[in-house]
Amino acid sequence: MNRITPNNVIDESTTPFIATHPGELIKDELAERKMTQKQLADITGIKTSILSQTINGKRSISLNMAVKLEKALDIPADLWMNLQTQYNIDSANILKRQTKQLTATIHLPVQDRNLIKDLSRKFGWVCLF
C-alpha cells in the first residue's frame with residue numbers, strides 16, 4: 001500500500017512498477033475453480049462482455065459487481081472494492097512517477113542573456129537571473 005506523507009509526497013518505495021487490476025484475481029479464481037467467464041456471467045447476472053472487459057483490465061469493478069462477485073465466489077465485496085481502489089491509486093502514482101520532471105540547478109557562465117532566454121523558451125526551462 002502506498003504511503004502519503006503529510007506534504008502529499010508519495011513514498012515511491014511502496015508504489016509497484018505495474019499496477020495489478022482486480023480482474024487478475026477474477027481470472028485466477030476462474031482458473032482455480034475450473035470455471036469459464038460464461039459460467040460466472042450466468043451465476044452473477046453480469047453480462048459476459050462486461051465481465052470480459054473487467055478481467056482484461058479495461059473496466060473497473062463497480063460496487064454492484066463487487067456484491068455479485070461476493071455471492072458467486074464467496075470473496076467479500078469490500079475486498080473487491082479495496083483492490084479496485086488500490087489499483088486506481090497505484091495507477092495514478094505510477095503515472096505521476098513516469099511524468100515527474102526533475103529539477104536541477106545549472107549555472108552557465110554565458111554572457112548572452114538573450115541566448116539563455118531563447119533556450120529557456122524552447123526547452124521549457126525556468127531561468128532566474
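Fully extending the segment from T85 to I50, taken as 0.36 nm per residue of separation minus the present Cα-Cα distance, adds 10.7 nm. When the square roots of the Cα gyration tensor eigenvalues are ordered a ≥ b ≥ c, the ratio a/c for the stretch 12-99 is 1.5 or more and a/b exceeds b/c, which makes its shape prolate. On the beta carbon distance between I116 and A92, with R0 = 35 Å, the FRET formula returns roughly 0.50. Positive contributions from Lys and Arg (+1) and negative ones from Asp and Glu (-1), summed over other residues with Cβ under 13 Å from the Cβ of L51, come out at +4.
Summing charges over neighbours of A41, with a neighbour being any other residue whose Cβ is under 12 Å away from its Cβ, gives +2 when K and R count +1 and D and E count -1.
Between F123 and K27, residue separation times 0.36 nm minus the direct Cα-Cα distance comes to 30.0 nm.
Just so you know, all these numbers are worked out from the coordinates, no wet-lab data involved. As the structure is a prediction and not an experimental result, all values here were calculated from the model. Every residue, glycine as well, gets a Cβ built from its backbone with ideal geometry; the counts of neighbours run over all protein chains shown.
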